[in-house]
Every structure is written in C-alpha cells, then in structure tokens.
Protein chains: 2
Amino acid sequence: MNVTHLECAACHLEHEARRLLNLCRECGKPLLVRYDLEQAARTLKKESLASRRADLWRYREVLPVENDENIVSLGEGWTPLLRAKNLGKQIGINQLYIKDESQNPTQSFKARGMSAAVSMAKELGAQKLAVPSAGNAAGALAAYAARAGLECFIFMPDDTPRANVVECEQTGAHVTLMAGLITDCGAEVARRKEAEGWFDVSTLKEPYRVEGKKTLGYELAEQFNWELPDVIIYPTGGGTGLIGMWKAFDEMEQMGWIGSERPRMVTVQASGCAPIVRAFESGQRFADEFPNAETVASGLRVPKAIGDFLILDAIRASKGTALAVTDEELIAATGEIGGAEGIFCAPEGAACLPALKKLLAAGEVSKDERMVLFNTGAGVKYLEAFS
Amino acid sequence: MNVTHLECAACHLEHEARRLLNLCRECGKPLLVRYDLEQAARTLKKESLASRRADLWRYREVLPVENDENIVSLGEGWTPLLRAKNLGKQIGINQLYIKDESQNPTQSFKARGMSAAVSMAKELGAQKLAVPSAGNAAGALAAYAARAGLECFIFMPDDTPRANVVECEQTGAHVTLMAGLITDCGAEVARRKEAEGWFDVSTLKEPYRVEGKKTLGYELAEQFNWELPDVIIYPTGGGTGLIGMWKAFDEMEQMGWIGSERPRMVTVQASGCAPIVRAFESGQRFADEFPNAETVASGLRVPKAIGDFLILDAIRASKGTALAVTDEELIAATGEIGGAEGIFCAPEGAACLPALKKLLAAGEVSKDERMVLFNTGAGVKYLEAFS
C-alpha cells in the first residue's frame, strides 16, 4: 500500500491514514489521500495496464485499500469512452467524445466512489454506513454495503426518482425519505450519526469516494493514449468527479505519465441550482447556498457543496468556466444525444450538450478541440423527467 | 473475415453469407453463421486476449462483420463475472457466480445481439429495421440503430415496462404499442415488412443476433480461465443466449481451446409462460405455443420461440433441465440477491435463484459444483414489478 497520509485540502494539516476519519479536525474541510507516488510508479506502469482487470482497480497502486480481500467490487469503472461522430457532425465539432458512466454497476458514476469508500469503511472497521443522497449515490451505497455485508442508512428527498428508492430497497438498505433537499438529509445524518454509530459517507466528508472517482481521470488519460483532451465538460452537483480528475492529473504528472498541460474544466449546472456558476461569476472561492434549488436533474440539486473551493480552484487553474442550462434545454438534449448516438443519458449528463453549444457560440471552444462530455448515469433511472 | 457461409439450423441447407437473409429458404428455420475456425484460430489465440478491447469485439475473428468501419458499438459485453459468496453461503453453494449483464449499454444482455445484428444490417445495406419485443430488445435495437444512423420500428405489448418505451423514444425509434403479446407484435412486423421495406431483426429470424449473444460463452470460458462451469442457469424467453453459448462452446472446442465437456444447461421460465419447460417434460423437440402467457418478468413472456428445438437440443445434450418458478418466487428472489450481493437483478435474472434452490433440494445439483446464474438486465427497468 502506497498511502502515506491524509491531508486537509484547505489548511494542509496532516492526518494519519489508518483510521476512520471524516473531515479535517482543525478546519472542518475535506481530507485528501496522499501517496508515495515514486513507490507506486515502480509497479504501476503505463505499459503494464493493457492486460490488467477491466475495472477501476486496474490502478491498484494509487488506490487506498491495504488488503486486497477488503476490496468491495461489482465491476465498476473502465467504462467506454465513445466517439460521438454523429452528434459532433450535427453541432460542428470534429473530435467529440462521451464517457459513458451509465455502464457502471447501479448505472451511474457513483459506483466508483462507493466502491472505494465502502472498501475502506470495511477495512477500517465501520459497521453501519449512512449517506444523504440526491439519488444515485444512495443506490450505489446500498449496493456496495450489501456486497460488503454492512448495514446502511439512506436519506433522500421525498421527490427523488422512484428508481433510486426501489434500488435501495431491493438491495437491503434502510431508506428514509424526507421533505426537503439533500442538504436537509445531510443535516439529519449529522444530527443522528453519533448516537446511531453511523459512519458518514457523504460526498467529500470522508476521504475515499474521491479516490474512486479520480479513476475517471486515469481512464481518460489511458483511453486517449496519455494525451488529455482539450476540454472536459462535467455536470457538477457535489463535484467529486471533477475534483477527483484534477487530483488524478497531478498524480499522473508526478509519476511522469503526462506533462503539465491540463484540459479546461467546465462545470455545468442547472439554472434552478447553480451555486458554483454564481460563485465563479462573482469571483468567490466559496459558494453560497443556492436558495430554492429546483431541477429535474436530481443529481444537480445540490445547493451547497463542501468541495466548492476545490471545484472553483480547478476551474480557474485550468482556464475553464462554469455555466448553467435550463431544465428545458437539458431534457431536449437527452433526446438529441439519444437520437444521434443511441446513448440515453441521465439528465445531468445531457446538460453537457447545451453547455457545449453555448461555449461554441461564444467562441470559448473551437471546433477542432478534443472534447469530452460526461454522461454520469442512465436515463432510465429518471422516468419522472420524461413524462 | 472468416465467415464461410450460413447454415440452416434444422435442415442444414447452405446459404450464402454476404446477403441480407432472414430464415432458411427451404424450411423456414433459423440460419446460423459458420466460420473457417482453423483460419480464425491463427490470429485469435487465448494468450492474445488479455490485452484486447474490453468489449465483445475482442473475439473479432469469430464475429461476422467484414469491414471494421461497420462495427456499431457502444461498449457491449465483457461484463463482470461476479463471485456470489454471500448468496452462496446463504443457500449452501460453495462456488456460485453471477454474470452481470446489467452492465451493458441499455442495461441488458440484448445489447450484445443488437450490436452484431445492426453492424451486419449496416454492412449489408439495410436502411430500416423492425422488431417485435418484450422490452429490452427494443431498447437495444433503438440504441444501436441510432448509433448506426438507421431508422427503426419497434412493436411492443402495451403493458411493456415504461422504461423500455421511454428509452426507445429517447433514442429516436418509431414506437408502436399493441394490445397482445410479443407474438402478436411479431405478426404485425411480418405483415407489414415487405411493403414498408423493413429488415426484420426478430430473435433468430436473422442470423446475427445469436453471434453477438454467443460471446457470453466465450467470456465465461475466458473468465473461468478456460474451464467451463458445471451448471449454467439461464432465464429463457427467446433463448438466443443459451443457443449462442452452446454454439460458442462448439467453436471453442474446434479451435482447441476447450475439451468436449459441457456445462449442464438449465432453462428457467415463469410458471405463467413456460413453453420450453412443458416441451422438455413431455419429450417434444418443438414447443407448442403457451396459452394466456402472463408474468411480470416481461422478457420471459414469449409464448412461442422459433429457436425452441435448439434450446431443447442443448438442454438434452448437456444433461440439463428446464423448470419454472412463480412470479412470487422470482420477485422475492430479487430482494434476496440484492440484499446479499448488491446486484439489483432484472426479474428474469432473479428467477435463476428459486430455480437453483429447487435443483439443490431435488439433488440435481450438488453444493460443490461451480454454478453460474445469468442476470440478464437491470432491475431498475422494471419499476412496475416492484410496486
């Protein structure tokens, strides 16, 4: 195992790695895992990857689990990076790609984070896991907790898509539906967790979901033959995937796999819940809670993200941007992507398309740049959005 | 390309390969693709597979497309074979596995067949594709047709799960919902196809879906390190997967990859629609149409399968069996598998569990045999079954 320690993403205080921890004990911000990358690079070589397992654990040396037996896996990751020629032609982009995360266990990118987090929770002795969720994180936690033999407690808004509720029930989770938003659910977990003995696996409130998610960055690099794309368009709720990719790029540079160039990171949010877009536009490093959050793209209905500064830092450092699209635009985009490429995207993933069109119209991206849209999950889990 | 010809599965009449064909021109039974396997084996070697692409096209030499540019792919196949230790322990089986086909594009095993069939339809010049479907085949055809830029026409019973209807609409298919069953939808396609210029891609009414499905057999062999399991438990509607695996085993034996031993092939159907079980029990080679077919496992609601004799031949040659389970049993099994392993199965896939329990109780399988259950799709596509 190559983990050296945990480090606070804000104040950089070191924390020891082999304990169940949530946030920085000094400043309350997220903890990130640090590795001895020189040691990792001795066995993890670009050339050795081709014959490794077809899931995210192919990057074993830069993942946090010590004992292989604690890995809780359902085959997550190593999803296809699909060339979108038809769609590209329709909108005038020559090298357009879709990273299709709907092909994960539980049909969303949340499987990546939960595979890593539940593996570590198991390794470090947690018995009961709890999470507030807008939907897909709940389904993923329920699945991985079941596979690990751990109990789990799910808190979701009462208007979460029914598919998410049913998948949690069918995989044995304790499900509570609450009036309110994911932030209210998070408050409920925080209020009860000590008395109940729950380990809180909320987005970025434990250090390992982001480790699972960072494999998105490793995969993109490997699938593009170690030359990163020019632009990454990413639908951002809690932002773990974007933060994770940004971390992966740094790790790969330190291992000598890639250079210092980075893709421009573009955050897409829904007009009805766009805290990061607002903060980006107003030059803030932290985002205010977005009032009266509302969008059919349930994964984007995150009015306050604890990793806001990490998202905003990455956008700015990469010379990227943040923009919002309306629910009408993102729902229409679902049919447009589906009809052109046969990929029935989650509404969050579909939101990337109107964002790309706006960037193109504004001259912020050019037709010959290599671009990746992230489809974070399967559209079939959102039937309510298509009625 | 290693295809030599097409051969009727019943009367063995040869047909030429490079034309759009449906059924045998003499006897009206399914056509199967034959290869020069000696030639295929020159470049397709077991040792060369580890570094090949992580989808079913890794078995390129035994797949029918001539020109790589005609391959219509969304990343189908090479799905995980998951060890089910928790579930095995609960029911007293030591080596239990689940092949998780929910991780395909469009969340079901139907993607395999449609990737191959649409690729060939494109290569051979079809413009409009039509299919009757119980649900998931429709979603898969719609997706692959969109990706290929072909028009497609879907006919489904009007009580098909809503997820299947929505996925077809969102990927640009023409959808017609009909009163009746898949057989009625098939009759409608047959009635109109000539006038409309549709190529009929019904199960086993064209030769290539089974070629995509046969990769299930190649994958099992590769994932088990070339030693096939003792028992395969397979939920059977049209039966293409079972027929395809059986074909794959023969091809692999001819290439010298495996010996002559075969797994016992077990067909599972729903009590409300069990034509193969009836025919197996009464010693018939062809199955009568099952009257008043009804089950929540929509993919099993196939009262008459054109490949009936191929399914029954494989069951008998392998010393396997066929048995039915009730809807109550298969729905309960969904929660049981989900709670034990975190896999939210399609009801069809879940049906394998009560079947296995019956076999175990009857002494037809023993606890130390290596067994595989097939989860054919994602449970989230069947919300109606869980209300």
Portion, in percent, of the accessible area of the protein assembly as shown that falls on carbon or sulfur, probe 1.4 Å | 45 percent
Karplus (6.51, -1.76, 1.60) ³J(HN,Hα), θ = phi - 60°, over segment A:380-387, in Hz, Gly and Pro reported as x | 4, 7, 10, 4, 4, 6, 10, 9
Looking at segment B:330-344, which residues lose a minimum of 40 Å² of accessible area between their chain alone and all protein chains in place, measuring with a 1.4 Å probe and not counting ligands or nucleic acids?
-> B:E341, B:G342, B:F344
In square angstrom, what is the accessible area per residue of chain A with a 1.4 angstrom probe?
-> 34 Å²
Cα gyration tensor of the protein assembly as shown diagonalised, 5x eigenvalues square-rooted, in angstrom largest first, produces semi-axes 42, 28, 25
Among B:D230, A:D158, what's the order by accessible area (1.4 angstrom probe), most exposed first?
-> A:D158, B:D230
P(r) tail for segment B:164-287, what percent of Cα pairs lie past 23 Å?
-> 48 percent
Which pairs break 32 Å Cα to Cα here: A:K357/A:K381; A:K29/B:K85; A:K205/B:K367?
-> A:K29/B:K85; A:K205/B:K367
Quick one: with label points 7 Å out along Cα→Cβ, list the inter-copy distances for B:D68 in nm, shortest first?
-> 3.3
Which percentage, to the nearest 5, of the DSSP beta bridges contained in the protein assembly as shown is antiparallel?
-> 30 percent
Could you rank B:R147, A:R42 by how accessible they are, 1.4 Å probe, largest area first?
-> A:R42, B:R147
Distribution output for segment B:38-132: share of Cα-Cα pairs per 10 Å bin in percent, first bin at 0, values 14, 34, 31, 15, 6, 0
Distances from A:E253 to the same position in the other copies: list them in nm, one decimal, shortest first, using label points 7 Å from Cα along Cα→Cβ.
-> 5.8
Can you give the charge dipole size of segment B:1-99 about its Cα centre, rounded to the nearest 20 debye, using +1 on the beta carbon of Lys and Arg and -1 on the beta carbon of Asp and Glu?
-> 680 debye
Point-charge dipole on Cβ atoms (K/R +1, D/E -1) for the protein assembly as shown, about Cα centre, debye to 20 = 740 debye
If one builds a Gaussian network model of chain A from Cα atoms under 10 Å apart, the most fluctuating residue listed among A:L20, A:L181, A:L216 is A:L20
In whole Hz, the Karplus estimates of ³J(HN,Hα) for segment B:16-30 (6.51, -1.76, 1.60; θ = phi - 60°; x where Gly or Pro) are 6, 8, 8, 10, 6, 10, 9, 9, 4, 6, 8, 10, x, 9, x
Taking the square root of 5λ for each eigenvalue of the C-alpha gyration tensor of segment B:307-368, the equivalent ellipsoid has semi-axes, largest first and in whole angstrom, of 23, 15, 10
Between B:E281 and the same site in the other copies, what are the distances in nm, shortest first, taking label points 7 Å from Cα along the C-beta direction?
-> 6.7
Would you work out the relative contact order for chain A, in percent, from Cα pairs under 8 angstrom that are 6 or more residues apart?
-> 17 percent
Computed curve, chain B, Cα-only Debye sum without solvent term, log₁₀ I(q)/I(0) at 0.06, 0.07, 0.08 Å⁻¹, is -0.20, -0.27, -0.36
Inter-part gap, Cα centre of segment A:231-263 to Cα centre of segment B:184-258, in whole angstrom, is 41 Å
Segment A:92-175: mean projected area of Cα convex hull, nm² | 6.8 nm²
About the Cα centre of chain A, what is the dipole size in debye to 20, counting +1 per Lys and Arg Cβ and -1 per Asp and Glu Cβ, all else neutral?
-> 420 debye
Of all DSSP beta bridges with both partners in chain B, the antiparallel percent, nearest 5, is 30 percent
With a 1.4 Å probe, how much accessible area is buried between chains B and A, both sides summed, in Å² to the nearest hundred?
-> 3200 Å²
Sequence-distant or interchain residues sharing an amide H contact under 5 Å with A:Q95, placed H: which?
-> A:M371
Roughly how crowded by other chains is peptide A:100-107, in terms of the mean Cβ count from those chains within 10 Å of each of its Cβ atoms?
-> 6
Taking only protein heavy atoms and a 1.4 Å probe, the highest-to-lowest accessible-area order of A:L44, B:L81 is B:L81, A:L44
Residues other than A:I93 with Cβ under 12 Å of its Cβ, Lys/Arg counted +1 and Asp/Glu -1, net out at +3
Under-5 Å amide H pairs with B:C345, H placed in peptide plane, nonlocal only = B:G338, B:G379
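The values are calculated or read from the model by the stated rules, or taken from the named source; none is laboratory data. Note that the coordinates shown come from a computational prediction; the quantities given were computed from them, not determined experimentally. Please note: Cβ atoms are built from the backbone with ideal geometry, for glycine as well, and neighbour counts cover all protein chains shown. Heads up: the accessible areas ignore ligands, DNA and RNA and are worked out on the full protein's heavy atoms, side chains in. Shrake-Rupley method; radii C 1.70, N 1.55, O 1.52, S 1.80 Å.
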